[in-house]
Amino acid sequence: MPANILSDGFRRILKSGWKGLCPRCGQGRMFASWLKLAPQCECCGLNYRFAAPDDGPAFFSLCIVAFPLTFVVVWIQVAYSPPWWVHLLTSMPLMLLGCLLPLRPIKGWLVASQYVNRSVEAGTETLWNRMDGRDDNRFGD
């Protein structure tokens, strides 16, 4: 079995997304605030206009956390029939924290993945290049 199972690109996606760093240089900040992307990297000048994570972070957060946790909450209700305030003190904070905390790393991973994999919307690359006055160089490398 090879010692290096993860590719360099995948490692770069995980590292820059988790830490919120620029996927190109790994130094500058990707976020201006908690979930708002910076206009560009302050170190290398990478423009983040290419990034379109849209609703992806919320979707993955809900699928990874909220959906399985809903089964736990229903199980607690069926098995123990606790009063409503028990769910208010336990289930609600778990759902809120579980869904909100992973949003930033997931958004960072999606943006880094778009950069590393040079993803663009199908059929719009030529139009974007013409509008931005760019040649075939999609992301300012």
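The values are calculated or read from the model by the stated rules, or taken from the named source; none is laboratory data. A quick note: this is a predicted structure, and the numbers were derived from the prediction, not measured. Cβ: placed from backbone, ideal geometry, glycine included. Neighbour counts: every protein chain shown.
Observations
- Considering residues of the range 14-25 that are under 18 Å from Arg49 (Cα atoms) and out of contact with any helix residue (DSSP H, G or I) (no Cβ under 6 Å at 6 or more places or on another chain) only, the residue surrounded by the most Cβ atoms within 10 Å (Cβ to Cβ): Cys22
- Given (1) under 15 Å from the mean Cα position of the chain (by Cα); (2) loosely packed, with under 13 Cβ neighbours inside 10 Å; (3) under 30 Å from Thr126 (Cβ atoms), index of the condition Phe50 fails: (2)
- Looking across the range 31-46 at every residue that is farther than 12 Å from Lys107 by Cβ and touching a residue at least 60 places away in the same chain (Cβ under 8 Å), the one that is surrounded by the fewest Cβ atoms within 10 Å (Cβ to Cβ) is identified as Gly45.
- Pairs are defined by a Cβ separation below 8 Å, a sequence spacing of at least 6 or placement on different chains, a first member in the range 52-71 that is among the aromatic types (Phe, Trp, Tyr), and a second member that is part of a helix (DSSP H, G or I) and at pLDDT 90 or above; the pairs so defined are Phe60/Ile106.
- Residues that are modelled with pLDDT under 90 and among the acidic types (Asp, Glu) number at least 3 in none of the helices (runs of 4 or more DSSP H) confined to the range 1-120.
- Cβ pairs under 9 Å, 6+ apart, first in the range 76-99 and farther than 27 Å from Ala58 by Cβ, second of a type outside the set (A, V, I, L, M, F, W, C) and outside any helix (DSSP H, G or I): Pro82/Thr90
- Candidates Trp84, Trp75, Trp109 - the one that is under 19 Å from Phe10 (Cα atoms) and either under 14 Å from the mean Cα position of the chain (by Cα) or exposed (fewer than 14 other Cβ atoms within 10 Å of the Cβ) (or both): Trp109
- Subset of the range 97-120 (residues that are within 14 Å of Ala51 (Cα to Cα) and in contact with a helix residue (DSSP H, G or I) (Cβ under 6 Å, 6 or more places away or on another chain)): Ile106, Lys107, Gly108, Trp109, Leu110, Ala112, Ser113, Val116
- Cross-chain or 6+ apart pairs with Cβ under 8 Å, the range 14-30 first and touching a residue at least 40 places away in the same chain (Cβ under 8 Å), then part of a loop (DSSP other than H, G, I, E, B) and among the charged types (D, E, K, R): Arg24/Asp141
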